[in-house]
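The values are calculated or read from the model by the stated rules, or taken from the named source; none is laboratory data. Because the structure is a prediction, the values reported are computed rather than measured. Here the Cβ positions follow ideal geometry from the backbone for every residue, glycine too, while neighbour counts run over all protein chains shown.
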Amino acid sequence: MKVGIKIYSKVNFAKNVELIGSPTKSGCIDALVPRCLIGNGQDVLGTSIDKEGLSFVQVEWRDGTISSIMGLKETSKIPTQILLPRFVEPHAHIDKAFSWSRSPNLKGSYEEALAANLSEYQLRSKKELLFSIEKSLNLALVNGIGAIRSHIDSFGKTAMSDWDLLENVRTKWREKIFLQFVALVPLDFWQTYQGELLAQKVAFNGDLLGGVIAPPFNKKKTFKSLLHLVQLANRLRCNIDLHIDESQSCPAAGLKLLLEVLDQVKNEISITCSHLSSMGLLREKAISHLAKKMARNKLKVVALPLTNSWLLGRKDRCTLMKRPIAPIFQLQQAGVVVSVGGDNVNDAWFPLSNFDPINLMAFSMPIAHLSPWDRLGLSPFTTSSAHILSLQWDGLFQQGSPANFILLDSNSWVNALSERSKRKVVVNGEFLNEMPKDKKFTLSNSDS
Ligand SMILES: [Zn+2]
């Protein structure tokens, strides 16, 4: 199902004016724009591009929509800001973010993270849940994130009421951040009566079914659960996002099982494979073979380099040299859409991070060997994430695109990713720092 960003519709612009009380939603800036993010080449034909692939461009917007993009002449003053689309976070856990103090995992292993998560979830109050969500969203907003797909722990007694709360949050935030949720449960939960009820609720809301496949697992039992999940999702016309092969052992065992299931069932929904870390440990030939099969099945991937680097393969005082991470380049080469997500923030799975997409780029690019001046190095953070969430706007700048930007006070990628550059965020044509704070709009962080 195609899910759009409702905040971009004209009807909602009008509502937004009421919310923030600004008369214009218009503006014009000279900026450096990554050439690969300019939708129509005609707009910048003959415009100079610097060594890092940044074009000198003038962007004008009216009523929250880009009205023109024009290449700047070489004789013009070189712009001092980089313009990027507001980011899309394709994989978060806003329900448990900032729970580290309640539930730390000082050893940093996957097993201990899981145990800490389970006990924290059992004790998580509505107040604590709301605190995590609101803090995450406030930070994401000021840091320049415009859409988030978040997995939500959904297998406990409070699951149904948590989803009611999430629906209220989504309504409250819809003008500012588009939210998409994934029900995260043990795979066999979907075969239970409660699982069926939850799945119906999730599908009704336009959200996704989730689950975890990580070794060790019983192949026969897991195959059955996975088959049931894919059939259920197709029956309800609801997409799937799995935590799969987040491991350093049994490379791609979960993916192979998923592909076996897809051989046996007609699948018409979109399936995202989050993590897929152990696939990177296979030999090149096996990676290529599986990547082609994934492309044929239209599987999508969210790589999560930060949590993988922190959690996987820990072995006392022995540093693992071969680190599990999704084979991003090989997947892209086979035609699989790959994006990079932030995953956990300040919880038992990952103690660091802060919903800052520029930080995510700065830390995950060295791990994944991605470069911002390469189209395929930048797309996992921009257009591919928008694609994975099936957003209406793919993040390319062109006439008619929504005026949803980040402006980084920097004249090069290297500076932008090295220093903590000041940034301005433009939401539907308006600068966030010029909006009045009101009850609906609690800013817990500066936008610079
Ligand atoms: Zn995750």
Considering the stretch 283-317 alone, what residues qualify as being touching a residue at least 40 places away in the same chain (Cβ under 8 Å) and over 21 Å from Asp347 (Cβ atoms)? Glu284, Ile287, Ser288, Ala291, Lys292, Met294, Ala295, Leu299, Lys300
In the stretch 416-424, is there at least one residue being buried (at least 16 other Cβ atoms within 10 Å of the Cβ), at pLDDT below 95 and over 30 Å from Thr171 (Cβ atoms)? yes
Within the stretch 306-337, track down each residue that is within 16 Å of the ligand (Cβ to nearest atom) and closer than 13 Å to Ser364 by Cβ. Leu306, Thr307, Asn308, Ser309, Trp310, Ile325, Ala326
Of all residues in the stretch 325-361, how many are among the acidic types (Asp, Glu) and in a loop (DSSP other than H, G, I, E, B)? 1
Going by the conditions given, is Ser278 within 16 Å of the ligand (Cβ to nearest atom) and either in a helix (DSSP H, G or I) or modelled with pLDDT under 95 (or both)? yes
I'd like to check something: does the stretch 394-411 contain any residue that is in contact (Cβ under 8 Å) with a residue 40 or more places away in the chain, closer than 15 Å to Val302 by Cα and touching a Phe, Trp or Tyr at 6+ places or on another chain (Cβ under 7 Å)? no
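Given Trp373, Trp310, which one is of a type outside the set (S, T, N, Q), part of a loop (DSSP other than H, G, I, E, B) and in contact with a Phe, Trp or Tyr (Cβ under 8 Å, 6 or more places away or on another chain)?
Matching residue, one of Trp373, Trp310: Trp373.
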Take the residues of the stretch 338-351 that are of a type in the set (A, V, I, L, M) and under 17 Å from the mean Cα position of the chain (by Cα): which is farthest from the ligand (Cβ to nearest atom)? Val338
Filter result for the condition that a residue is more than 16 Å from the ligand (Cβ to nearest atom) and of a type in the set (Val, Ile, Thr), over Ile269, Ile244: Ile269
Filtered residue count, the stretch 197-207, keeping only those that are surrounded by 13 or more Cβ atoms within 10 Å (Cβ to Cβ) and in a helix (DSSP H, G or I): 7
